[in-house]
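These notes concern the structure reproduced below.
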Amino acid sequence: MRNLIRQINTPSRVVVAAFLAVILGGSVLLSLPAAVEAGQQASWTSALFTAASAVCVTGLAVQDTAAHWTFFGEMVILVLMQIGGFGIMTLASILAVVVSGKLGLRARLNTQAETKTFGPGDVRRVIAGVAKVTLVVEAVTAAVLTARFVTGYGEPFGRAAYHGIFHAVSAFTNAGFALWPDSMMRFVTDPWICLPLALAVVAGGLGFPVYAVLRQSWRRPSRWSLHTKITLGVTAVLLSGGTVAVTAIEWGNPHTLGGLSPGLRILAGFFHSAMTRSGGLNSVDISQMNENTWLISDVLMFIGAGSASTGGGIKVTTFALLGYVILAELRGEPDVTGGRRRIPEQLQRQALTIALLSVASVAAGTFVMMMVTPFKLDRVLFEVVSAFGTVGLSTGITPDVGTAGRLTLTALMFVGRLGPVTLGAALALHVQTRRFRYPEERPLVG
């Protein structure tokens, strides 16, 4: 029994302890006088909230990043974002290796067949692969942004490079921090800024397992793993659907897209849809959006990005598996299938468990926030889903939620960042064999 408990809990404990340690270390650094501008006050709740937001790659902020924090403070945030993004991709991918190695032979072979990338002994390759993907995407994004800041806005090269690197890291890690008080609103008409950032967010939200498969057989989709097909397919559907919905709803809103040309409205709609993947940057004023747009954003933020990625949410694979279950039930089919593959019953239960516990977390967080803040449900729900989904978009109420509200959002960011990852690993490892079965009885449903 003791060995079983150790087998189940050790991977989860390592991940949780590592992220807690980094958050606390970052909080200490951001609490130093050298981290805040002269005349600004560094409260412990502000430092803790900012560190948690950076490590959990969320992007919610209670202070203006550029105005409140010094260069040292900004560098701390930059490093925390990089650690958070790289760490979650690496640890989530390594957990897949751990799960594969500690399951029984049949389950291990099934897991490796599903991912087509991971197996015992692959830890070093996983770390190197994540590092390469991170470096390439961030370097390309930073180079494009730097060139644009120099040529389009007359920035000195040093300042342009710093802004380019900071926002490239913020985008790829899906962190959502910006060095301007209006995030990216001043660049809403500039595709050379918005498109690289949006594409970096999408790239960070795919996950290393997808890149590993594409590297091996990107020209032969028939050989892609089911995980890769689901991640790419659902990402494309949500991204395009979100773009159409947001653009259509906000088309005539003079406070968001209404004052832009048709082409720029589509660009802004695409940017917002990409940022709900877990990016957190915004090119229009979120607080002025229609409530219908907030609701659509809530759904997109809750679903999130791909597994073992820098994005948050319940993950697109979880969402797709639940869709396959519903479709099979509506058709009256005995097996749940997707992509001409049968989905194991254990995986169906895992997806359902993660989704329902995530709904419970959002509901509990919303209830607490309604108790401790004076804001209405629509704004509170948006903020809670943004925190749990580690997105970072905000209707503008985060700085005014008070100490209790900050602590609640901090807890939601931490649970939302690590909850689905560690819970998924724990459920995969928690396999028990029972030598008997109880008699069947069917309670009424519906």
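The values are calculated or read from the model by the stated rules, or taken from the named source; none is laboratory data. Everything quoted here is computed from the prediction, not taken from an experiment. All Cβ positions, glycine included, derive from the backbone under ideal geometry; neighbour counts span all protein chains shown. Remember, those area values only see protein heavy atoms, side chains included, never the ligands or the DNA or RNA. Shrake-Rupley method; radii C 1.70, N 1.55, O 1.52, S 1.80 Å.
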Can you spot a residue in segment 345-362 that is open to solvent by 30 Å² or more (accessible area, probe 1.4 Å) and either under 23 Å from Val201 (Cα atoms) or part of a loop (DSSP other than H, G, I, E, B) (or both)? no
Please list, ordered by first then second residue, the pairs with beta carbon atoms under 6 Å, 6 or more apart or interchain, first in segment 39-56 and open to solvent by 10 Å² or more (accessible area, probe 1.4 Å), second charged (D, E, K, R). Thr45/Arg406
Any idea how many residues of segment 328-344 are on the phi < 0 side of the Ramachandran plot and open to solvent by 80 Å² or more (accessible area, probe 1.4 Å)? 6
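Quick one: is Thr366 open to solvent by less than 60 Å² (accessible area, probe 1.4 Å), in contact with a Cys (Cβ under 8 Å, 6 or more places away or on another chain) and within 14 Å of Met301 (Cβ to Cβ)? Spell out the reasoning first.
Details: open to solvent by less than 60 Å² (accessible area, probe 1.4 Å): yes; in contact with a Cys (Cβ under 8 Å, 6 or more places away or on another chain): no; within 14 Å of Met301 (Cβ to Cβ): yes.
Criteria not met by Thr366.
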Considering each residue of segment 196-206, count those that are within 18 Å of Thr58 (Cβ to Cβ) and either open to solvent by 20 Å² or more (accessible area, probe 1.4 Å) or not in a helix (DSSP H, G or I) (or both), and give that number. 2
Number of the condition not met by Leu295 [criteria: (1) modelled with pLDDT under 90; (2) in a helix (DSSP H, G or I)]: (1)
Do you know which of the residues in segment 143-164 that are open to solvent by 20 Å² or more (accessible area, probe 1.4 Å) and in contact (Cβ under 8 Å) with a residue 40 or more places away in the chain is nearest to Gly304 (Cα to Cα)? Val144
Regarding Val140, is this residue under 26 Å from Leu347 (Cβ atoms) and either open to solvent by less than 50 Å² (accessible area, probe 1.4 Å) or not polar (S, T, N, Q) (or both)? no
Tell me which residues, restricted to segment 207-235, are small (Gly, Ala, Ser) and in a helix (DSSP H, G or I). Ala212, Ser217, Ser222, Gly233
Does segment 371-381 contain any residue that is over 20 Å from Leu295 (Cβ atoms) and either of a type in the set (A, V, I, L, M) or assigned to a helix (DSSP H, G or I) (or both)? yes
Report yes if some residue within segment 322-332 is touching a Lys or Arg at 6+ places or on another chain (Cβ under 8 Å) and either at pLDDT 95 or above or closer than 28 Å to Gly84 by Cβ (or both); otherwise report no. no
Only one of (1) surrounded by fewer than 15 Cβ atoms within 10 Å (Cβ to Cβ); (2) under 17 Å from Val144 (Cβ atoms) does not apply to Phe187, and that is (1)
Residues of segment 249-291 being among the β-branched types (Val, Ile, Thr), touching a residue at least 40 places away in the same chain (Cβ under 8 Å) and open to solvent by less than 30 Å² (accessible area, probe 1.4 Å), in sequence order, are Thr276, Val284, Ile286
Residue among Leu300, Leu238 that alone is part of a helix (DSSP H, G or I) and touching a Ser or Thr at 6+ places or on another chain (Cβ under 7 Å): Leu300
Could you count how many residues in segment 362-393 are hydroxyl-bearing (Ser, Thr, Tyr) and in contact with a Leu (Cβ under 7 Å, 6 or more places away or on another chain)? 2
Looking only at helices (runs of 4 or more DSSP H) that lie completely in segment 1-93, which have at least 3 residues being modelled with pLDDT of 90 or more, of a type outside the set (S, T, N, Q) and under 26 Å from Thr134 (Cβ atoms)? 2-30, 44-55
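A quick yes/no check of all residues on (1) over 23 Å from Arg342 (Cβ atoms); (2) open to solvent by 20 Å² or more (accessible area, probe 1.4 Å); (3) acidic (Asp, Glu):
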| residue | (1), (2), (3) |
| --- | --- |
| Pro209 | no, no, no |
| Arg215 | yes, yes, no |
| Leu238 | yes, yes, no |
| Gly242 | yes, no, no |
| Ala245 | yes, yes, no |
Take the residues of segment 358-395 that are polar (S, T, N, Q) and in contact (Cβ under 8 Å) with a residue 40 or more places away in the chain: which is nearest to Ala52 (Cα to Cα)? Thr390
Among the residues of segment 224-236, is there at least one that is surrounded by fewer than 18 Cβ atoms within 10 Å (Cβ to Cβ), under 24 Å from Ile83 (Cα atoms) and modelled with pLDDT of 95 or more? no
Within segment 241-256, can you find the residues that are assigned to a helix (DSSP H, G or I) and out of contact with any Phe, Trp or Tyr (no Cβ under 9 Å at 6 or more places or on another chain)? Gly241, Val244, Ala245, Ala248, Ile249, Glu250
